[in-house]
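Undergrad: Sharing a structure, written as structure tokens. Questions coming.
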């Protein structure tokens with residue numbers, strides 16, 4: 001393998017490792033974001049439950065006022081009952097009292113039901129608040145762990161970035177420009193190793209797209225130090241994309 005292809009192989013090795021470290025750094029941040037999202041969801045659930053309690057309390061207060069009105073009506077009718085002059089008046093007033101008592105009983109049952117609902121919802125709020133506290137503590141622990149990992153990964157990325165620049169400087173301008181374009185298209189996987197198709201001696205395929213490569217292209221790679229492009233996927237073909245030495249320390 002000539003200098004051009006060798007330099008591309010070395011650049012690919014560094015590029016692959018650099019992107020791997022960048023992905024690891026991104027993953028550590030995602031763990032932190034995911035935990036924060038979980039806390040946010042709990043906080044939103046708590047807020048929604050508080051709103052429910054507020055509405056129930058408003059309904060409870062409204063029924064309490066209605067209950068007070070019924071009690072006042074009953075008191076008035078009892079006074080009127082004592083001053084009734086005829087059996088007909090007495091009976092009519094008594095009917096009103098019984099009606100108000102029935103209404104009062106229904107209101108009291110509704111009020112008790114609402115109070116029970118408020119108590120239950122407050123219990124749920126307590127559970128959510130406890131969960132928020134636990135998850136917040138977990139977030140702090142994750143943050144400490146992530147910060148340590150991020151610092152380590154960033155140091156490795158900085159080191160690899162320097163190695164990438166050094167490796168890229170060994171590649172001619174034309175090939176380096178092509179490598180950069182393909183790196184963006186294929187997420188850093190620029191080189192594709194040519195592989196034999198089973199036991200067939202003269203049939204080869206691209207390791208990137210698995211489409212057949214002509215024998216002429218294979219011979220060019222074996223005899224010339226020039227870039228050969230896969231006609232299907234556009235990757236740079238090589239016979240061996242593994243560097244003879246490690247690209248990173």
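Here, each number is a calculation from the coordinates, and none is a lab measurement. Computed from a prediction, not measured in an experiment: that's the story for all the values here. FYI the Cβ positions are ideal-geometry reconstructions off the backbone, even for glycines, and counts take in every protein chain you see.
Undergrad: Among 96, 170, 23, which one shows the highest mean-square fluctuation when the chain is modelled as a Gaussian network with alpha-carbon springs under 10 Å?
TA: In this elastic network of the chain, the residue with the biggest mean-square fluctuation among 96, 170, 23 is 96.
Undergrad: Compute the Cα gyration tensor for region 122-249, then decide on rounded, prolate or oblate, letting a ≥ b ≥ c be the square roots of its eigenvalues: rounded whenever a/c is under 1.5, prolate when a/b is larger than b/c in the other cases, and oblate in all that remain. The partial results should precede the final answer.
TA: On the way: a/c = 3.73, a/b = 2.27, b/c = 1.64.
Prolate, because a/c is 1.5 or more and a/b exceeds b/c.
Undergrad: Oh, and also: Antiparallel as a % of all DSSP beta bridges within the chain, to the nearest 5? Working shown, then result.
TA: Values: 7 of 10 bridges.
In the chain, approximately 70 percent of DSSP beta bridges are antiparallel ones.
Undergrad: Say we join alpha carbon atoms closer than 10 Å with springs in a Gaussian network model of the chain; which of 128, 112, 53 then has the biggest fluctuation?
TA: Of 128, 112, 53, the Gaussian network model singles out 112 as fluctuating most.
Undergrad: Please label the shape of the chain as rounded, prolate or oblate, based on the square roots a ≥ b ≥ c of the eigenvalues of the alpha-carbon gyration tensor (a/c under 1.5 means rounded; beyond that, a/b larger than b/c means prolate, else oblate). Display every interim value, and only then the final one.
TA: Values: a/c = 6.95, a/b = 3.89, b/c = 1.79.
It is prolate, given that a/c is not under 1.5 and a/b is the larger ratio.
Undergrad: Quick check: the distance between the Cα centres of region 170-185 and region 93-110, to the nearest angstrom?
TA: Their Cα centres are 88 Å away from one another.
Undergrad: Among 65, 46, 215, determine the one that fluctuates most according to a GNM of the chain built with springs between C-alpha atoms less than 10 Å apart.
TA: Highest fluctuation among the options: 65.
Undergrad: Gain in length, residue 75 to residue 240, computed as 0.36 nm per residue apart minus the alpha-carbon separation, to one decimal in nm? The partial results should precede the final answer.
TA: On the way: separation 165, 0.36 × 165 = 59.40 nm, distance 10.07 nm.
Residue separation times 0.36 nm, minus the Cα-Cα distance, leaves 49.3 nm.
Undergrad: Taking the Kirkwood radius as the inverse of the mean 1/r across Cα pairs, report the Rg/Rh of region 74-157. Intermediate values should be presented prior to the final figure.
TA: On the way: Rg = 32.1 Å, Rh = 18.8 Å.
Rg/Rh: 1.71.
Undergrad: At a 10 Å Cβ-Cβ cut-off, how would you order 218, 31, fewest neighbours first?
TA: Working: 218 18, 31 14.
Sorted ascending by nearby Cβ count, the order is 31, 218.
Undergrad: Give the order of 132, 213, 229 when sorted by the count of other beta carbons within 10 angstrom, beginning with the fewest. List each step's numbers first, then the result.
TA: Working: 132 18, 213 23, 229 15.
Starting with the residue having the fewest Cβ neighbours, the order is 229, 132, 213.
Undergrad: When the chain is fully extended, how far beyond the present Cα-Cα distance does residue 48 get from residue 66, taking 0.36 nm per residue of separation?
TA: Additional length available on full extension: 3.7 nm.
Undergrad: Shape of region 1-148 from its Cα gyration tensor (a ≥ b ≥ c, root eigenvalues): rounded if a/c is under 1.5, otherwise prolate when a/b > b/c, or oblate?
TA: In terms of gyration-tensor shape, prolate.
Undergrad: On to the next question. Return 161, 177 ranked ascending by Cβ neighbour count within 10 Å, so the fewest neighbours appear first.
TA: Numbers: 161 14, 177 11.
Ordered from fewest to most neighbouring Cβ atoms within 10 Å, 161, 177 come out as 177, 161.
Undergrad: Taking 8 Å as the Cα distance limit and 6 or more residues as the minimum spacing, I'd like the relative contact order of the chain as a percentage.
TA: Details: 234 pairs, mean separation 77.6, N = 249.
Relative contact order, the chain: 31 percent.
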